[in-house]
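First comes the structure, then the notes that go with it.
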Amino acid sequence: MKRILVTGALGQIGTELVIFLRKLYGENNVIATDIRYDKTNVAVNSGPFEVLDVTDGEKMFQITKRYKVDVVIHLAAMLSAVAEQKPLAAWHLNMNGLMNALETAKELGIQLFTPSSIGAFGSSTPKEQTPQDTIQRPTTMYGINKVAGELLCDYYHMKYGVDTRGVRFPGLISCMAPPGGGTTDYAVEIYYAAIERGRYESFIEKGTYLDMMYMPDALQGVVQLMEADPKKLKHRNAYNIAAMSLEPEVIAAEIRKHIPTFVLDYKVDPARQAIADSWPNAIDDSAAREEWGFHAKYDLENMTSDILEKIRGKVKV
Ligand code: AKB
């Protein structure tokens, strides 16, 4: 990757990815874009930034061309819980935004990364060690968008030779920018609540296992996949990647090693619980390991120590 444009750069992944990429490829070689402008966000004030609504295909094309971009990392999307509340808006943003990114990549002959998700699976998918290639009949609008997105990326690669690549992200845990409207957001909130209040009320039910990953592993994965030898990529548009399968009590027990008085309560949100129940417990990421060497470094123990220390440093208790 030489010159990279990131959409949705002020989101949970984008904010950290832009900083990570600027360190690797140079500040001026990473163009951050987002629908909103926030001068306090580090992605805005550490290098080039453009306001971009990804449903505006012409503007996306013009910015990408003007900056002589080699790679688009298309992150702008509506997450699972909000997409269930606003299915038409989700379809509009998630699908038209992706189509614009694909058309831009096709017209300019450049690479495109876009993430899929564990949300691309559904209740009829095997729940344990979910294979790379398996049944994908999601029951959420977000999941339908993700499956359609995986197929569209395959189509643009096969038909037009676009170098499309992607992973199925698990829930991502981080503390630089908050997640917005996802089902796995509880796993971020719990750490803030532990530091700020010493207790948390989970909207996801006890015993609900979902794949999670600490952000540094996700960022490393994006770069590693984009730099991988294309000849080795048999599943280029949506590799399962995994780090840990967690449920609320397991996270709480780990937090108690640092904050022994931490209390976890439950106030389950039926809408988000239904989404979580339709997703796998733990996915198999052997294709990503074999084809491009993915390997998550963080487990629950080292992630928890790291994130608690970071949140302590930024939150006034
Ligand atoms: C969500 O919960 O919607 C996302 C995801 C797993 O794709 N974090």
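The angle separating the long axis of helix 97-108 from the principal Cα axis of greatest extent in the chain is about 40 degrees. For segment 52-116, GluC sites (Glu not before Pro) meeting the loop criterion (DSSP other than H, G, I, E, B) and having at most 15 other Cβ atoms within 10 Å: none.
Using Cα atoms only, what is the angle between the long axis of helix 186-196 and the major principal axis of the chain, expressed in degrees (0 to 90) to the nearest 10? With rounding to tens, the tilt is 60 degrees.
Radius of gyration over Kirkwood radius for segment 1-125, both on Cα atoms: the Rg/Rh ratio is 0.98.
Sites listed here are trypsin sites (Lys or Arg not before Pro) in segment 277-317 whose DSSP assignment is loop and whose Cβ has at most 10 other Cβ atoms within 10 Å: LYS316. Over the residues of the chain, the helix contribution to mean residue ellipticity at 222 nm works out to -12500 deg cm²/dmol, using -39500 (n - 2.57) for each DSSP H run of at least 4.
Helix 57-66 and the longest principal axis of the Cα set of the chain meet at an angle near 70°. The order of VAL71, VAL250, going from fewest to most other C-beta atoms within 10 Å of their C-beta, is VAL250, VAL71. Among ASP56, ASP34, ASP70, a tally of other beta-carbon atoms within 10 Å of each Cβ gives an order, fewest to most, of ASP56, ASP70, ASP34. The Cα atoms of segment 135-190 cover 44, 27, 16 Å along the three principal axes, with the biggest extent listed first. Could you check which residue among ILE307, ILE241, ILE204 shows the biggest mean-square fluctuation in a GNM of the chain with a 10 Å Cα cutoff? Per the Cα network of the chain with a 10 Å cutoff, ILE307 tops the list.
Over the C-alpha trace of the chain, radius of gyration and Dmax come out as 18.7, 58 angstrom. What translational D, rounded to a whole number of µm²/s, comes out for segment 218-317 from Stokes-Einstein when the hydrodynamic radius is the Kirkwood one over Cα pairs, at 4 °C and 1.567 mPa s? For these conditions, the coefficient is 79 µm²/s.
Relative contact order of the chain, taken over Cα pairs closer than 8 Å and 6 or more residues apart, is 18 percent.
Quick note: the coordinates plus some simple rules give every number you see, no bench work behind them. Please read these numbers as outputs of a predicted model, since none were measured by experiment. As a convention, Cβ positions derive from the backbone with ideal geometry for all residues, glycine included, and neighbour counts pool all protein chains shown.
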